[in-house]
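This report concerns only the one structure given below.
The values are calculated or read from the model by the stated rules, or taken from the named source; none is laboratory data. Predicted model only: the values in this text are computed from it and were never measured. Using ideal geometry, Cβ is built from the backbone for each residue, glycine included, and neighbour counts are taken over all protein chains shown. Accessible surface areas use protein heavy atoms only, side chains included; no ligands, DNA or RNA. Shrake-Rupley method; radii C 1.70, N 1.55, O 1.52, S 1.80 Å.
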Amino acid sequence: MAEKRKDKDGRVLPENVTQRKDGTYMWRKSVNGKNYCLYAKTLGEIKQKRNIALGEIEKGEYKGKHEKMKEERESAQKDITLNEWFFQWEKVYRKGKMKETTVYNNHIAYMHHFSNNIGRMKIKDIRQMDITKLLNQGHKNGLAYATLESNMLILKLVFDSAISNGLIEKNPACGSLVVKKNPPKERRALTEEEENRFIEFVRNDRYQNGRTPFFIIGFGTGLRLGELLGLTWSDIDFENNVIHVNKNFVTVGKLEGKYVRMITTPKTKSSIRDVPMLGKVREAFEEQKRRQYKCKEIINGITDFVFTTKNGKIICADSIRIGLNRIIEKMNKKEIEEAKAEGREAILFKHFSPHCMRHTFATRCYEKGVKEKVIQNILGHSKLDVTLNIYTHITDEMITDDMKKLEE
């Protein structure tokens with residue numbers, strides 16, 4: 001009869017148990033062609049582990065070390081909060097893969113709208129109702145439908161990646177936006193008389209006349225606001241009377257308490273273009289060059305910007321919007337005073353956004369008979385239908401004139 005194996009202390013070892021050189025114990029057994037192996041520091045512990053393993057093997061429930069570690073990792077990952085997953089998703093799927101402004105804008109939107117509510121919840125516990133409640137509250141607080149839709153789409157992308165990585169089975173953001181879409185606002189385009197009236201007022205105002213070149217160039221080129229502010233003097237080709245549009249200046253909001261300002265590529269590939277410089281636009285650039293305070297700011301390695309403040313910094317979009325509102329308020333105040341003195345009804349000037357300059361330029365082109373395809377190239381639209389949609393601003397005067405032509 002073979003002598004039973006013993007450990008260093010002379011204790012008889014159970015079947016399939018051995019003691020290793022370092023003093024620990026190992027149990028190894030093959031069941032139905034599958035090998036099982038366990039380790040323990042003491043003899044009592046290895047017996048206990050062996051008994052549990054044999055019971056699990058018999059029931060078909062045994063899980064080895066690697067399987068258990070995998071399950072633990074998966075379980076820990078499923079307990080991840082939405083905030084934790086968002087930062088992982090952003091790092092892996094967005095940074096370096098998307099346009100930098102898109103990454104910043106998405107980050108700021110998420111942090112503002114979701115980080116302090118559902119962002120703290122475990123991703124597996126978030127339901128469609130949780131997201132719908134937040135979007136409804138945003139709607140009550142005055143958020144535009146486009147903003148709500150954009151926020152919902154960010155969440156949808158985040159949850160889609162969570163599904164792909166096995167964290168959840170369904171996307172709770174799908175169908176979460178239930179508020180009604182607001183009817184689209186009518187795009188405003190100034191009539192020729194309004195445009196001239198506005199420019200004339202700015203030029204004759206002692207506090208605002210410094211912005212006259214900016215508005216003449218805006219109305220005379222159709223450039224987007226970011227494209228205008230991103231212009232450098234090297235883009236202005238006085239020899240060939242052409243403006244090279246190849247940059248876009250944006251402020252994407254606060255990040256860690258500071259506004260992020262950057263120069264990016266234009267909106268689309270079609271936006272990189274050469275825009276003909278009209279005579280009045282050329283004169284406005286020349287006037288701006290004479291008036292300008294020297295540029296002292298460098299953004300993304302670029303300097304020598306055309307439109308700068310008294311401190312030599314590039315003018316931001318908010319400054320233009322605020323200045324525009326002040327000019328129109330001042331115009332209307334003056335008009336009310338003059339109308340009262342003359343005993344007539346005041347003709348108030350309707351407010352407009354900086355983007356209205358672009359629509360106004362397109363409308364002027366249409367009024368003067370410029371072909372749609374040419375206007376598309378000047379505006380930098382990728383599709384002609386985008387350009388054609390701008391012509392919904394056709395003024396009453398244009399309709400009347402066309403009807404007269406039809407009658408003739």
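Listed values, structure above:
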{"quantity": "Matching residues, the stretch 360-408, being open to solvent by less than 70 Å² (accessible area, probe 1.4 Å), modelled with pLDDT under 65, of a type in the set (A, V, I, L, M) and not in a loop (DSSP other than H, G, I, E, B)", "calculated": "Ile390, Met398"}
{"quantity": "Qualifying position, being of a type in the set (D, E, K, R) and at pLDDT 95 or above, among Arg273, Arg282", "calculated": "Arg282"}
{"quantity": "Single condition Lys340 does not satisfy, out of (1) modelled with pLDDT of 85 or more; (2) within 27 Å of Arg188 (Cα to Cα)", "calculated": "(2)"}
{"quantity": "Any hit, the stretch 184-198, residues being among the β-branched types (Val, Ile, Thr), closer than 16 Å to Gln288 by Cα and either assigned to a loop (DSSP other than H, G, I, E, B) or open to solvent by 20 Å² or more (accessible area, probe 1.4 Å) (or both)", "calculated": "no"}
{"quantity": "Matching residues, the stretch 181-222, being farther than 19 Å from Val281 by Cβ and among the β-branched types (Val, Ile, Thr)", "calculated": "Thr191"}
{"quantity": "Within the stretch 21-44, tally of residues that are in a loop (DSSP other than H, G, I, E, B), of a type outside the set (Val, Ile, Thr) and surrounded by 10 or more Cβ atoms within 10 Å (Cβ to Cβ)", "calculated": "2"}
{"quantity": "Looking only at the stretch 255-297, and only at residues there that are closer than 17 Å to Arg203 by Cβ and of a type in the set (Gly, Ala, Ser), the one that is surrounded by the fewest Cβ atoms within 10 Å (Cβ to Cβ)", "calculated": "Gly279"}
{"quantity": "Matching residues in the stretch 301-336 - criterion: being aliphatic (A, V, I, L, M) and within 16 Å of Tyr207 (Cα to Cα)", "calculated": "Ile320, Ile322, Leu324, Ile327, Ile328, Met331"}
{"quantity": "Residues that are open to solvent by less than 20 Å² (accessible area, probe 1.4 Å) and more than 27 Å from the chain's Cα centre (by Cα), drawn from the stretch 300-331", "calculated": "Gly312, Ile327, Ile328, Met331"}
{"quantity": "Listing of strands (runs of 3 or more DSSP E) fully contained in the stretch 200-269 that carry 1 or more residues being more than 18 Å from the chain's Cα centre (by Cα) and closer than 19 Å to Asp318 by Cα", "calculated": "none"}
{"quantity": "Selection within the stretch 291-325 - assigned to a loop (DSSP other than H, G, I, E, B), without any contact (Cβ under 8 Å) to a residue 60 or more places away in the chain and not hydrophobic (A, V, I, L, M, F, W, C)", "calculated": "Gln292, Tyr293, Lys294, Lys296, Glu297, Asn300, Gly301, Thr309, Lys310, Asn311, Gly312, Lys313"}
{"quantity": "Tyr62 vs. criteria at pLDDT below 85 and part of a loop (DSSP other than H, G, I, E, B)", "calculated": "yes"}
{"quantity": "Conditions (1) under 30 Å from Glu100 (Cα atoms); (2) surrounded by fewer than 15 Cβ atoms within 10 Å (Cβ to Cβ); (3) among the aromatic types (Phe, Trp, Tyr); number of the one not met by Tyr207", "calculated": "(1)"}
{"quantity": "Failed item in (1) more than 30 Å from His107 (Cβ to Cβ); (2) open to solvent by 20 Å² or more (accessible area, probe 1.4 Å), with Phe214 passing the rest", "calculated": "(2)"}
